[in-house]
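To start, the structure under review is shown below, and the notes come after it.
The values are calculated or read from the model by the stated rules, or taken from the named source; none is laboratory data. None of these values were measured; they are calculated from a predicted model. Glycine gets a Cβ as well: all are built from the backbone with ideal geometry, and neighbour counts include every protein chain shown. Protein only, heavy atoms only, side chains kept; ligands, DNA and RNA dropped before computing areas. Shrake-Rupley method; radii C 1.70, N 1.55, O 1.52, S 1.80 Å.
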Amino acid sequence: MKVLKGLAALASIAACGIQSAGAVEVRQVAEIKASPAAVWSKVGEWCAIKDWHPAIASCDPGKRGFRTLTLKDGGKILEKVTKTGKNTYSYDIIESPLPVKNYKATLTAKADSLGSTDLTWTAKFDAAKGKTDAEAAAVINGIFEAGLNNIKSNVKFDAPAPAAATGAIATGGAVTTAGPDAAKVAAARDEARLKAREERRKRLEAAKVAAMEKYAKAKAVIAEKAKAAADAAKAAYEKAKAALSAAPEPKKQ
């Protein structure tokens with residue numbers, strides 16, 4: 001009987017391994033020419049998402065720490081804030097029609113090296129039952145992209161005045177005045193940095209897509225091996241069970 005129980009437990013563990021999935025990660029960044037404080041004043045309020053995300057019709061804050069988002073197609077998403085900080089908050093999705101589960105996300109506005117703000121939206125989650133990681137990631141990437149693109153295109157911020165506008169540039173920690181030529185040089189330098197940054201972002205995005213594809217293939221191989229192990233354990237269990245049933249009853253003394 002101990003043998004049967006051990007085989008049954010092995011079969012159960014292996015079967016669970018087939019169903020388990022690693023967390024999917026999605027990250028998108030929008031560069032906005034404004035200070036983090038200016039950006040956060042427009043997008044950081046808990047229900048401000050209704051003003052900057054084109055898919056959301058309304059936001060009901062409900063009880064403290066929660067919000068119910070009503071989508072323009074009628075769907076509803078219940079979310080709970082889990083952490084807040086300077087120009088950042090994190091939240092979980094409690095209920096939604098989205099193809100995800102165990103969803104945790106963070107929205108953050110942080111200054112970059114060029115005097116602009118990186119508005120970063122990240123999420124970790126598992127694909128819902130019946131959906132692949134790629135399908136779930138595509139939906140969340142689409143949501144993030146729509147929101148961040150709308151912020152960049154349609155939300156107006158109080159942009160910080162560039163140093164070149166007043167002829168002031170930083171040199172070794174000191175500020176000196178310079179003429180129009182220096183301003184042009186500074187503008188060209190900033191443009192070159194932005195171009196290099198965009199090229200780097202594209203390379204990283206391509207690397208991320210390649211890594212996700214490689215991960216999906218590896219997980220498929222692992223799942224297949226786990227299934228084979230489960231089938232073998234189940235077969236051994238059934239064989240031992242049948243042998244035990246066929247064994248003659250011990251004679252009474």
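Let me know the shape class of the stretch 190-234, please: from the alpha-carbon gyration tensor, a ≥ b ≥ c as square roots of the eigenvalues, rounded when a/c is under 1.5, otherwise prolate if a/b is greater than b/c, or oblate. Here the stretch 190-234 falls in the prolate category. Accessible area per residue was computed with a 1.4 Å probe on protein heavy atoms; residue 103 scores about 10 Å². Across the stretch 48-57, coupling constants 3J(HN,Hα) worked out from phi with the 6.51/-1.76/1.60 Karplus curve, θ = phi - 60°, read 5, 4, 5, 8, 10, 9, x, 8, 9, 8 Hz, and Gly and Pro carry x.
Run the numbers for residue 249 and residue 41: contour at 0.36 nm per residue of separation, minus the present Cα-Cα distance, in nm.
Numbers: separation 208, 0.36 × 208 = 74.88 nm, distance 7.99 nm.
That works out to 66.9 nm of additional length.
The label point for residue 94 and the one for residue 110, both projected 7 Å from the Cα toward the Cβ, are 2.9 nm apart. Computed from backbone phi, the HN-Hα couplings of the stretch 225-241 come to 5, 5, 5, 4, 5, 5, 5, 5, 5, 5, 5, 5, 4, 5, 5, 5, 5 Hz, rounded to whole numbers (Karplus: 6.51 cos²θ - 1.76 cosθ + 1.60, θ = phi - 60°; Gly and Pro given as x). Which pairs in the list 101/225; 80/227; 50/219 are over 32 Å apart, alpha-carbon to alpha-carbon? Violating the 32 Å Cα-Cα cut-off are 80/227; 50/219.
Backbone amide hydrogens, once placed in the peptide plane, bring residue 112 within less than 5 Å of 117, 118, excluding anything fewer than 5 places away on its chain.
Here the Karplus relation 6.51 cos²θ - 1.76 cosθ + 1.60, evaluated at θ = phi - 60°, turns the backbone of the stretch 131-146 into coupling constants of 10, 8, 4, 5, 5, 5, 5, 5, 5, 5, 4, x, 5, 4, 4, 4 Hz, with x for every Gly and Pro.
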